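The values are calculated or read from the model by the stated rules, or taken from the named source; none is laboratory data. Note that this is a predicted model, so its numbers are computed, not measured. When we count neighbours, we look across all protein chains shown, and the Cβ atoms used for this are built from the backbone with ideal geometry, even at glycine. Accessible surface areas use protein heavy atoms only, side chains included; no ligands, DNA or RNA. Shrake-Rupley method; radii C 1.70, N 1.55, O 1.52, S 1.80 Å.
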Amino acid sequence: MQIAVLKLANKDLPGLQDHKQIYITEYISAEQISESETKFDVIIIISDIEDEILQTSTFLRGKNHITPIYIATGLDQEKLKYNALIDGYYDNYEQFYSRATEILEIANSLINRGINDLDNKILEFLLCRPDYIAKPVKNWQSRKVYTYPILDVFADEGADTEQWLQSLHNRDLITQVELIDRIRECPFCGSAHLIFIDICPNCQSIDIVNVPFIHCFTCGNVEPQEKFISGDSLNCPRCRSHLRHIGVDYDRPLENHLCNSCGHIFEEPDIIANCAECGTKSKSEDLIVIEKYSFQLSEHGKVVTQHDSLSDVIRVLDNINYAHLPYFQFVTDWLIAMYKRQDQIDFSIVGLNLDNMTQLINILGRGKTSMLLHGFAERLRELVRTTDICTRSSESHFWLLLPQTNSKGCQLFKKRLEDIKVSSEQEGGESLSFIVESYSSDENFHTDETAELIMASISSRLSK
Amino acid sequence: MTLLEKIHKTIIFVCELFVNLDDLILVAHNFIPYVLFLELPFYLFVIFGILKYYTRVSFEEPKDILYYPKVSCVLLCYAEGEDVTKSIKSLAEQIYPGNIEIIAVIDGAIQNRHTYNVIKRMESYVNKFQNRNLKIVPKWKRGGRVSSINAGMNVSSGQVLMILDGDTSFDNNMVRNGSKHFADKNVVAVSGNIRVRNYKESLIAKLQSLEYMISIQSCRLGLSEFNTVNNVSGAFGIFRRSFVKHIYGWDSGTAEDLDLTFRIKQYFGKHKNLKIIFEKDAIGHTNVPATIKDLLDQRLRWDGDLYWLYFRKHQSGFAPKLLGWMNFISIIWYGILFQIVMPFMIAGYTVYSTFTQPGYYTTGILVLIYVFYLIVALVFFLLSSVLLSERKSDDLKKIWLLPFFPIYMFLIRLWAAVSTVAELVLYSNKSSSMAPYWVLKRVKF
């Protein structure tokens, strides 16, 4: 096992030198480790300065998403802020070794991919650490108040980790573990630093005061206290009785507010949130409610990461009038039967083969490919009519059933699909490529046609 | 003799008394000494005081005293439970621009956990009021009333210190009226006026409310005019904090209120300007015993304590040089003759005439005594409710109780004699419920 030790303090690592399979290289800066040509299995940071540990562990974790990182320190482990970034503390050799080998074993089983995009980094990090839970951590310096340290480390500078997290969750790669908090954000700028103020519901002034009310038992009069006060005593302005004793002569039924600006008396003040960042004033019901969960890798995420599957990326297509494949075939069979009885009722089937998905993921990474496909799906959605239904028979084969569409209509549809392809090509270097094949009832109908046969014949043309 | 004949004979006897002068002199010979020499002068003294007060207040130009010192209200809590919220609310409600610090001292807060929790809940209520705050002093181990008062005094910070019972609530002008007297540097203590809160509970409670009206509202007011207030009640006493601190606060032992009053008065001889004032408009409403048994228990304590205090503890303190002549005479008269000696005279005389005189004679005398006390009660009742009361119509409605009042007072006086004997023989103050026995047994007085 190749271990890089970042020695920033004079401290021994008990038991580490006694083992033959351990090769230790000592460094005095984190940059040296990342620049070194040796591929280290484990990194150990020795330091007694909290900021130093935070800085080096953030740097090293950003560069090494799989490598186990350990810390040897004399500081109180419970109180340290960077527990989310590291794999543990070096206390004794046995504990250290068994945990590190667990991580490395899973890491070795991973298929080596061409590109390490953000999605891959976090997914592989999580996969290697099956019990890791990414918890939101309060940080007043963050405009969202909560941050996920591990996402911040991997994300690009200035990237919206919130959106990234949402995208991972939407693709069912990570799963929510526990609801940690519920925060409210400014609907204008998204900052969670809000100042809540109670204001007059009539004129929106903040100059409001609490006015106690008094209920006279003798005559039942209820009015603000100030109307009762005369000199050193309380006298009912209506029945003139002298109110001496709370609970006997009078009580305080409610507390109302008085606006000093407009004189309005009201029971419940309005609450508005003043954004500390952009200064926008919003009503509390307009604020964006964000629930902060802790996350871990989902079962689907594990499969996707381990087998490098496309299913999470392609899944975005499943939002367009999606039907399961057997249902899709059932409806198609029904349309075939209809067409046999009444040949005016046309239908067409369009098959798509997204043939460069794997290459795209290797070149662009999982995240960007997913975004690309998302863009395609959005345009496709505009094209699809409410009566059309879609399905998928494999990771790359996508099907559309277009009822009441003859070959002419189908050709038009195919042309529009091609337009989408062309327009997406112009956006950047790499783009989505697909082959389109179709079948229309009015063109080549056979009496013994079934859905399965039609799809098989299209499939064979798609794979050419 | 049948009962009817007995009553007939008594009536005839009483009527004849007023016709036959010789007989009247004979009866008066037996009856008059203690009435004339003990009671009447005292009553006249008090009535004179009340009239003096009334004329003074009527003709005096009302002064607006702009004096609002910080007031510390030490609320002595034990097992009052929910009742304590009434007291705390009434203190928070005070119409008083100055600062009021409410210090709730809970004696034995472990066994009185409920009361402690109730008070804890009141914190937020009090904090809503401006210039009011609630300090909670839980004394986990029970140490008795005096230890609570002294603890409260030590944590307090106001110039005016009020010692209040946890089951007493107050009119909303109490602090204003109670504290204004301290603008005069010579005032060291103010006795508050106590009314009965639970008078609707029973006849016994109603009679006590009449008793409080007469003996506190009227008598103390009258005495106050001559700076001879007999007692600053333990349930409701107001003090200049620096002064009580100077005399080291309260002594352990029972009747701590009377004890402190006496100790303050011991400075009167030397510092002739010092004053204890009764303020009738500083009003507290307290719960009184509603059953005969509870009432007798209470009075056994009070009256026994009186003897203990004057004859055991302060034997050597009785000197006009210390107390000043006015208070010396007043304490001898009201405190000793009136409250300790007279019950024995009444009891002795009743027993004596029962055994030596014919039945109708004894009964006749008792009727005469009854009429005399009824008149006295009526005079004081009217003075109290018409001249002094701030709740005149409420008080006047109690007039129907007057016929029962002399009987009530007669029985209470007899019981006072029993209490004194109990103290004399059994040292009953050492077994008071006001403090745990381990405190009382160590009291050195």
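Could you list, bin by bin from short to long, the percent of Cα-Cα pairs of region A:194-248 in 10 Å steps?
22, 38, 18, 19, 3
Helix B:40-59 sits at what angle to the longest principal axis of chain B, using alpha carbons and giving 0 to 90 degrees rounded to 10?
50 degrees
Would you mind classifying chain A by shape? Square roots of the alpha carbon gyration tensor eigenvalues, ordered a ≥ b ≥ c; an a/c under 1.5 is rounded, otherwise it is prolate if a/b is larger than b/c and oblate if not.
oblate
Which residue fluctuates the most in chain B, going by a Gaussian network model with Cα springs under 10 Å, if the choices are B:Ile110, B:Ile264, B:Ile100?
Highest fluctuation of the listed residues: B:Ile110.
Tell me, what ³J(HN,Hα) does each residue in region A:401-416 have, in order and in whole Hz, if you take phi through Karplus 6.51 cos²θ - 1.76 cosθ + 1.60 with θ = phi - 60° and put x for Gly and Pro?
With the stated coefficients, region A:401-416 comes to 10, 10, x, 6, 10, 8, 4, 5, x, 5, 4, 4, 4, 5, 5, 5 Hz.
How many Å² of accessible surface get buried when B and A come together, counting both sides, probe radius 1.4 Å, rounded to the nearest 100?
Rounded to the nearest hundred, the buried surface is 1100 Å².
In chain A, what cysteines have no partner Cβ closer than 4.7 Å?
Unpaired cysteines in chain A: A:Cys128, A:Cys390, A:Cys410.
Under the Kirkwood approximation for Rh and a Cα-based Rg, what ratio Rg/Rh is obtained for the protein assembly as shown?
Using Cα coordinates only, the ratio equals 1.27.
Quick check: at a probe of 1.4 Å, how many percent of the accessible area of region A:317-444 sits on carbon and sulfur atoms?
Within region A:317-444, the accessible surface is 51 percent carbon and sulfur.
Among the listed pairs B:Lys86/B:Lys128; A:Lys63/A:Lys368; B:Lys293/B:Lys392, which are separated by more than 22 Å between their Cα atoms?
Going by Cα-Cα distance, B:Lys293/B:Lys392 fall outside the 22 Å limit.
Put +1 on the Cβ of every Lys and Arg and -1 on every Asp and Glu Cβ in the protein assembly as shown; which of B:Ser353, B:Phe318, B:Gly144 then has its Cα farthest towards the positive end of the dipole?
B:Ser353
Using only the C-alpha atoms of region B:28-161, find the volume of their convex hull and express it per residue in Å³.
Taking the convex hull of the Cα positions in region B:28-161, it is 182 Å³ per residue.
So which chymotrypsin sites (Phe, Trp or Tyr not before Pro) in region A:117-201 are both in a DSSP loop and have at most 13 other Cβ atoms within 10 Å of their Cβ?
Taking region A:117-201 and a limit of 13 other Cβ atoms within 10 Å, the loop chymotrypsin sites (Phe, Trp or Tyr not before Pro) found are A:Trp140.
How large is the Kirkwood hydrodynamic radius of region B:141-267, counting all unique pairs of alpha carbons, in Å?
15.6 Å
Cut-off under 23 Å on the C-alpha distance; same-chain residues fewer than 8 positions from B:Lys270 excluded. Which lysines are left, in chain and number order?
Within the straight-line cut-off, B:Lys270 pairs with B:Lys185, B:Lys245, B:Lys313, B:Lys321.
Give me the percent of Cα-Cα pairs in region A:12-71 that sit more than 13 Å apart, rounded to a whole number.
The proportion of pairs with Cα distances above 13 Å equals 64 percent.
Given bins 5 angstrom wide, list per bin the percent of all Cα-Cα distances in region A:378-417, short to long.
The percentages, shortest bin first, are 6, 20, 31, 28, 13, 2.
When Cβ neighbours within 10 Å are restricted to other protein chains, what is their mean count per residue of peptide A:233-244?
What the average comes to for A:233-244 is 2.
By a straight-distance test (C-alpha under 20 Å), which aspartates and glutamates pair with A:Lys408 as possible cross-link partners, with residues fewer than eight away in the same chain excluded?
A:Asp343, A:Asp346, A:Glu382, A:Asp388, A:Glu418, A:Asp419, A:Glu437, A:Asp442, A:Glu443
Say the cut-off is 25 Å between C-alpha atoms; which of B:Lys89/B:Lys135; B:Lys141/B:Lys280; B:Lys180/B:Lys265 go over it?
Distance filter (> 25 Å) returns B:Lys141/B:Lys280.
Out of the trypsin sites (Lys or Arg not before Pro) in region A:1-110, which ones are loop residues according to DSSP with at most 14 other C-beta atoms within 10 Å?
Listed in order of number, the matching sites are A:Lys11, A:Lys20, A:Lys39, A:Lys81.
Excluding the sites themselves, what is the longest stretch of chain B that contains no GluC sites (Glu not before Pro) in a DSSP loop with at most 12 other C-beta atoms within 10 Å?
Excluding the exposed sites themselves, the longest stretch runs over B:83-445.
Which of rounded, prolate or oblate describes region A:324-425 when judged by the alpha-carbon gyration tensor and an a/c cut-off of 1.5?
The shape class here is prolate.
What's the angle, to the nearest 10 degrees (0 to 90), between helix B:359-382's Cα axis and the longest principal axis of chain B?
That helix lies at roughly 40 degrees to the long axis.
Nearest 20 debye, what's the magnitude of the dipole of chain A about its Cα centre given +1 on Lys and Arg Cβ and -1 on Asp and Glu Cβ?
Here chain A has a charge dipole of around 720 debye.
Exactly which GluC sites (Glu not before Pro) in region A:25-66 are in a DSSP loop and have at most 14 other Cβ atoms within 10 Å?
Hits after loop and neighbour filter: A:Glu37.
Place a label point 7 angstrom from the Cα of A:Asn202 along the Cα-to-Cβ direction, then list the residues of region A:247-278 whose backbone nitrogen is under 16 Å away.
Hits in region A:247-278 for A:Asn202 at 16 Å: A:256-270.
If you roll a 1.4 Å probe over the heavy atoms of the protein chains, what accessible area per residue do you get for region A:343-404, in Å²?
Roughly 41 Å² per residue, with all protein chains present.
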